[in-house]
Each structure stands twice: as C-alpha cells, then as structure tokens.
1. So for region 231-239 (the condition being modelled with pLDDT of 90 or more and either over 30 Å from residue 126 (Cα atoms) or under 29 Å from the mean Cα position of the chain (by Cα) (or both)), does at least one residue qualify?
2. Would you call residue 171 in contact with a Lys or Arg (Cβ under 9 Å, 6 or more places away or on another chain) and either surrounded by fewer than 17 Cβ atoms within 10 Å (Cβ to Cβ) or of a type in the set (Lys, Arg) (or both)?
3. Regarding region 429-447, can at least one residue be identified that is crowded, with 17+ Cβ neighbours inside 10 Å and within 18 Å of residue 505 (Cβ to Cβ)?
4. Which residue is surrounded by the most Cβ atoms within 10 Å (Cβ to Cβ), if the candidates are limited to region 531-559 and must be in a helix (DSSP H, G or I) and within 12 Å of the ligand (Cβ to nearest atom)?
5. Would you check if residue 528 is more than 11 Å from the ligand (Cβ to nearest atom), surrounded by fewer than 17 Cβ atoms within 10 Å (Cβ to Cβ) and touching a residue at least 12 places away in the same chain (Cβ under 8 Å)?
6. If I ask for residues that are near the ligand (Cβ under 9 Å from one of its atoms), among the small types (Gly, Ala, Ser) and not in a helix (DSSP H, G or I), which ones from region 565-607 would you list?
7. Consider residue 397 against the criteria (1) hydroxyl-bearing (Ser, Thr, Tyr); (2) within 21 Å of residue 513 (Cα to Cα); (3) more than 60 Å from the chain's Cα centre (by Cα): it satisfies all of them except one. Which criterion is unmet?
Amino acid sequence: MSRPYIVDTRWYRDLVESAPDATILIDAEGCILLVNAQAERLFGYAREELLGTEVETLIPERFRGAHRIHRDGYFSEPKVRAMGTGIELWGRRKDGSEFPIEISLSPLRTEAGVLTTASIRDGSERQRANDKFRALLESAPDAMVIIDDRGIMRLVNAQAKRMFGYQRGSMIGRPVEMLIPERLREQHKRHRGTYFEAPKVRGMGAGLQLWGRRKDGTEFPIEISLSPLVTEDGVWATAAVRDITQRRKAEQRFRALLDNAPDAMVMIGRGGQIVMVNAQAERLFGYPRDALVGQLVEMLIPERLRSRHREHRQSYFNDPRVRPMGVGLELSGLRASGEEFAIEISLAPMSGDDEILATATVRDISERQAVERKLARYAEDLARSNRDLEQFAYVASHDLQAPLRNVVGFSQLLRKRMTGKLEATEQEFLDFIESSARHMQALVNGLLAYSRVGGADVAFSDVDCERVLDGVLDQLHTVIAERGAQIERGPLPTLRAAEREIHQLLQNLIGNGLKFQPGSGPHVAIDATREDGFWHFRVRDRGIGISEEHREKIFQIFQRLHASDEYEGTGIGLAICQKIVQHHGGKIWLESVPGQGSVFHFTLAAE
Ligand code: ADP
C-alpha cells in the first residue's frame with residue numbers, strides 16, 4: 001500500500017468537515033485520505049485510526065473481497081453516483097457492530113490522480129421504514145403489486161405471489177403486464193400511461209372489468225384499486241388486486257335467479273337510482289339494462305306521478321320493510337314507448353354493500369284489470385238480463401191470467417146456457433177448451449212462481465221447517481186422504497231461509513212423490529241431517545223412479561217425462577225447486593231405481 005497522498009487544500013478540508021453526511025476521501029487503492037467528524041462518529045473511530053488504512057476496514061469482513069472488485073471497477077470509470085440507487089451496503093463500526101449504509105460517490109480529479117469522495121449515511125432508519133412498509137404490504141388482505149412509472153414491478157407481497165403463482169424473484173423487475181392476459185396487454189399499457197400522467201387514488205370496483213393471468217395461463221376476474229406512491233425515484237403506483245371469481249359466480253347465480261323470476265324486478269338505492277334490473281323488467285319497460293342502471297327510477301313512472309313517487313320513496317327508505325303485492329300500491333308504469341300501463345308492486349328492503357337497497361317487484365296488471373273490468377261488465381249484463389227476463393216472465397204471466405180467466409169463465413157460462421142443446425161432440429169441444437185453459441192457467445201460475453223465486457221482495461228469516469212441513473201436509477191433506485198416503489217424517493231443523501220458498505220446495509217434492517207413485521197407499525219419507533255448514537234433506541218415495549238419462553233433464557223448465565193424460569203437470573215444479581235451492585246456496589240432485597222409487601236430495605246453508 002502506497003503512502004497516503006495528503007490533500008492539503010484547506011478549503012477542501014473545510015468543505016468535507018462541514019458536509020452533513022459522514023464523508024471520507026479515498027484514492028484508487030482504497031486508502032483513506034480524509035475523514036470528517038461525522039464519519040468518526042458514525043464508525044466509532046478516531047480520525048487518526050482511519051487515515052492511511054484501507055477503506056474496507058469500514059465494511060464487514062464478508063463483503064470486503066467483493067468491495068475491492070467494485071472499487072476497482074469504479075475507479076476505471078469514475079462518475080457521480082447518487083445515494084439510494086440500489087446499492088445496499090453494510091457498514092462496520094469499530095466495535096464490530098454492523099449497520100445498513102447508503103453511499104454516494106463522486107470522483108475528484110487531482111494532480112495525483114483520481115480520488116473519490118464517499119458520502120455515507122446511516123441507513124438503519126430507512127431500513128426500518130422499509131421493513132415496516134414491507135410488513136404492511138404483507139399484512140394487507142389483498143395482493144399488492146408496486147410498479148414504477150415504467151410498469152416494472154418493484155415490490156410484491158406474498159398474496160400476490162400466491163394469486164398469480166409466481167416466485168417473487170420472477171416478478172420483481174419485470175413488467176406488470178405479465179400478470180394480464182395477452183389480449184389485454186396493449187390496452188393496459190395505454191391505461192398505465194394515462195394513469196401516470198395524473199396519478200391519483202382510485203378505489204376498487206370503479207367500473208373496471210379486469211382480468212388477471214396466472215403463471216399457468218389461467219385467467220380470473222380481478223378488481224383493482226390504485227394509489228400513487230411517491231418515492232425518491234419518482235412516482236410509483238401501488239395496486240391492490242382482489243380475485244373476484246367467487247363474487248362473480250355469486251353475482252351470476254344471483255342474476256340467473258333474478259332473470260328466472262316471473263316478475264319484473266327493479267332494485268334501487270336510497271337516492272332512487274336504479275342499481276339492477278332483471279330481464280323481465282327490461283322487457284316490461286322496453287329499455288335495455290344499460291339504459292336503466294344508474295338512472296332515477298322515476299323514469300319508469302308517468303311524469304304527473306313522479307313527485308309524489310319521490311316522496312313515497314323517501315318515506316319508504318326511512319322505514320323500509322316488506323310490503324307485499326296488492327296492499328294498495330297500485331301505480332302506473334311508463335314504457336320506453338311512452339305507453340302507460342297499470343302495475344302492482346311489492347317492496348322488500350335489502351342491505352347492499354354499504355347502503356340499504358329496495359327491490360321492487362313489478363307486475364303488469366293491465367291485462368288482469370281489463371279482464372276484471374270485462375267480467376264485471378258481463379256479470380252486470382247477466383244480472384240485468386236476468387232481471388229483465390224475470391220481469392218479462394212476471395208481467396207476461398200476470399197479464400195472461402185475466403184473459404185466461406175470461407176463457408174459463410165464458411166457456412163455463414156457455415156450457416150452462418147451452419145445457420141440453422149441445423151434441424156430444426160439441427160438449428167435448430167445450431171440455432177441451434176448458435181443460436186447455438186450466439192447463440194454461442197452471443203453466444202461467446208456475447211461470448209466475450218461477451219468476452218470483454229469489455226476487456227482491458223475498459226476505460230471509462229463521463224458518464222452522466217442522467212448521468213449514470205441517471203447512472204443506474195441511475195443503476195436501478185431500479190428496480193424502482184420498483190416496484191413503486203415508487208420510488214418514490224425521491226431525492227437521494230451523495234455519496235462515498225464505499219461508500215461502502221452503503214451503504214451495506217441500507210441497508213440490510212431496511207432491512211429486514205422491515203423484516208419481518200409482519196405486520193406493522203411497523209412501524213418502526222426509527228427513528234432514530246436519531253436515532259441514534249445511535243441512536242435507538232427503539225426500540224419498542217408492543214410486544216409478546227415473547231412469548239415469550233423465551236425471552238432469554227433469555230440472556229444466558217444461559221438461560216432463562210423461563203425457564198429461566198419464567200424470568198431469570206442467571214440468572215447472574222441479575225447475576222451481578232448483579232455483580229455490582240455489583237461492584239458498586245449496587244443490588239439488590237425485591238417486592233413483594226405476595220401478596222402485598226415488599230419493600230427492602237437497603242442501604241448504606245452515607247459517
Ligand atoms: P211436473 O211434475 O209438473 O210434470 P216437475 O218439474 O215437477 O213437473 O217434474 C218433471 C218430471 O220429472 C215429471 O214430469 C216426472 O216425469 C219426473 N218426476 C218428478 N218427480 C218424480 C218422482 N218423484 N218420481 C218419478 N218421476 C218424477
């Protein structure tokens with residue numbers, strides 16, 4: 001080692017002494033020529049101990065060999081090298097302790113050759129800060145990738161390694177685009193360039209649909225947030241990367257669910273902005289999804305109702321709860337075409353990421369309303385035409401009575417006046433006129449009775465059916481006596497009914513039972529039992545019976561199975577019975593064995 005070349009320029013010494021950093025001056029052989037007070041403090045040596053020694057004294061032994069080579073390299077091409085340009089070095093104090101240092105170098109050309117000034121800074125502080133930063137990075141829940149302004153990855157955390165399947169070493173120093181599918185790389189480079197022109201914090205999910213690419217080439221959806229990181233080497237960017245595969249799947253499932261729902265669904269936020277719609281909503285309102293999401297929900301409502309809707313909406317969000325369909329929320333919707341239509345909606349609150357959302361289920365009820373209106377109109381028409389018909393039947397039969405009475409009266413008068421003067425055939429003609437007129441009277445009376453059933457003047461009261469039956473049998477007593485009939489009666493109830501109609505019902509059925517039982521000693525039995533909510537009556541006879549094919553037909557008006565000379569009648573009786581039973585909310589039907597008898601069943605509402 002050569003004698004140290006003493007730099008004796010006073011101003012240079014002063015300069016070195018006053019430098020803020022520890023500073024030493026060495027020559028090409030690494031011999032220390034000058035040391036300032038800061039260097040003494042930093043390394044724990046007195047100046048005299050260092051002057052003339054090799055600079056490697058200040059470096060841990062294990063680095064010394066490499067350092068000498070570096071030093072030679074530097075002196076062969078000396079230039080200014082600033083602090084923190086990637087050279088991480090360790091210093092060694094006199095007491096043997098080591099510490100991280102940062103070094104800047106600048107060559108100094110002298111007559112005696114090139115010397116080098118080294119400014120040395122204790123890097124412990126910075127090291128600690130770095131360590132802290134790294135720890136922070138590692139503890140982040142997301143994968144973190146820090147890139148410089150050229151898109152080179154400078155730092156990555158363990159989550160990033162795991163997510164993309166690379167070793168740290170094969171990521172650091174390489175362009176971030178290696179983590180992106182090839183087809184998106186160019187586009188990403190452009191985005192990156194734009195970002196670095198005006199770097200700012202950008203949160204996750206800011207509308208960026210991104211894809212990551214693993215080492216094995218598989219792709220996965222990611223979400224990214226960016227924030228600028230100011231370093232000594234310029235502005236870098238920290239990217240937090242989140243794998244949203246699961247979320248995407250859940251979203252897809254959710255969307256499929258929504259799109260399969262039978263009703264249109266519109267999800268809105270507190271401010272009324274549409275957050276999501278399903279396929280049915282697109283169809284119903286005639287807008288594509290993109291034209292709806294983000295807009296105010298009032299766009300789907302006719303203008304005149306909008307301000308009221310806004311108020312409703314605000315008050316709903318103040319007290320959000322489930323409101324089912326058809327609880328008075330009838331609204332009008334507005335289609336893209338400008339057409340209005342009736343809707344019914346139900347509302348359900350739902351908590352979103354950070355706010356309450358409301359899902360409105362919307363049903364187009366215009367068709368239903370039209371059908372309802374039509375049905376109501378039909379029902380009204382039907383009721384009116386029934387009323388008209390009954391009125392007509394009533395008036396017609398009523399007005400027929402007087403002329404009929406005349407026919408009967410005058411033919412009787414004629415018979416009286418002509419007594420003894422008529423030939424047998426003429427006598428027969430008169431009989432025929434009379435019997436026809438009487439039959440017609442019976443028809444007219446039957447029609448009148450039929451038209452009166454269920455009329456407005458028919459009042460319901462508590463009717464004791466036992467008493468009604470007494471009255472009926474009273475009326476039939478001549479027939480009963482003449483025919484030697486037996487009437488068997490079980491207990492009958494008291495129920496809410498129209499008394500006159502019940503009387504008529506029993507009279508017709510018992511009358512038929514007697515009539516269609518030829519021979520002497522006919523037998524008719526009547527009883528009733530209580531069943532679910534109604535009374536079940538039965539009227540049995542042991543008469544001629546009714547064959548299967550006629551069992552429905554006989555309830556039609558004017559339907560008879562026999563000629564008048566066999567069994568007289570009008571064919572109105574059972575039609576009246578059916579109308580009465582229906583008026584009381586019941587049914588009538590029959591069982592019969594031809595030749596053995598019939599059972600007429602009917603029910604009457606018990607309450
Ligand atoms: P009408 O008794 O005036 O003929 P109804 O309407 O009372 O008219 O009866 C219609 C038809 O039903 C009768 O003509 C008869 O053929 C049949 N019918 C009614 N009741 C009985 C019965 N108890 N047994 C057999 N046939 C009956």
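1. No, every residue in region 231-239 fails to be modelled with pLDDT of 90 or more and either over 30 Å from residue 126 (Cα atoms) or under 29 Å from the mean Cα position of the chain (by Cα) (or both).
2. Details: in contact with a Lys or Arg (Cβ under 9 Å, 6 or more places away or on another chain): yes; either surrounded by fewer than 17 Cβ atoms within 10 Å (Cβ to Cβ) or of a type in the set (Lys, Arg) (or both): no.
No: the conditions fail for residue 171.
3. yes
4. Going residue by residue through region 531-559, those that are in a helix (DSSP H, G or I) are 548-550, 553-555.
Next, only the ones that are within 12 Å of the ligand (Cβ to nearest atom) stay: 550, 553-555.
Details: 550: 14, 553: 12, 554: 17, 555: 19.
Among residues in region 531-559 that are in a helix (DSSP H, G or I) and within 12 Å of the ligand (Cβ to nearest atom), the one surrounded by the most Cβ atoms within 10 Å (Cβ to Cβ) is 555.
5. Numbers: more than 11 Å from the ligand (Cβ to nearest atom): yes; surrounded by fewer than 17 Cβ atoms within 10 Å (Cβ to Cβ): no; touching a residue at least 12 places away in the same chain (Cβ under 8 Å): yes.
Answer is no for this residue.
6. 569, 571, 592, 597, 598
7. Going through (1) hydroxyl-bearing (Ser, Thr, Tyr); (2) within 21 Å of residue 513 (Cα to Cα); (3) more than 60 Å from the chain's Cα centre (by Cα) one by one, residue 397 breaks only (2).
Conditions tested, residue by residue: (1) within 21 Å of residue 29 (Cβ to Cβ); (2) hydrophobic (A, V, I, L, M, F, W, C); (3) surrounded by 14 or more Cβ atoms within 10 Å (Cβ to Cβ).
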position: 99; (1), (2), (3): no, yes, yes
position: 113; (1), (2), (3): yes, no, no
position: 118; (1), (2), (3): yes, yes, yes
position: 148; (1), (2), (3): no, no, yes
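The values are calculated or read from the model by the stated rules, or taken from the named source; none is laboratory data. The shown structure was predicted, so the numbers you read here are calculated from the model rather than taken from an experiment. Heads up, the Cβs are rebuilt from the backbone with ideal geometry, glycines too, and the neighbour counts pull from every protein chain shown.
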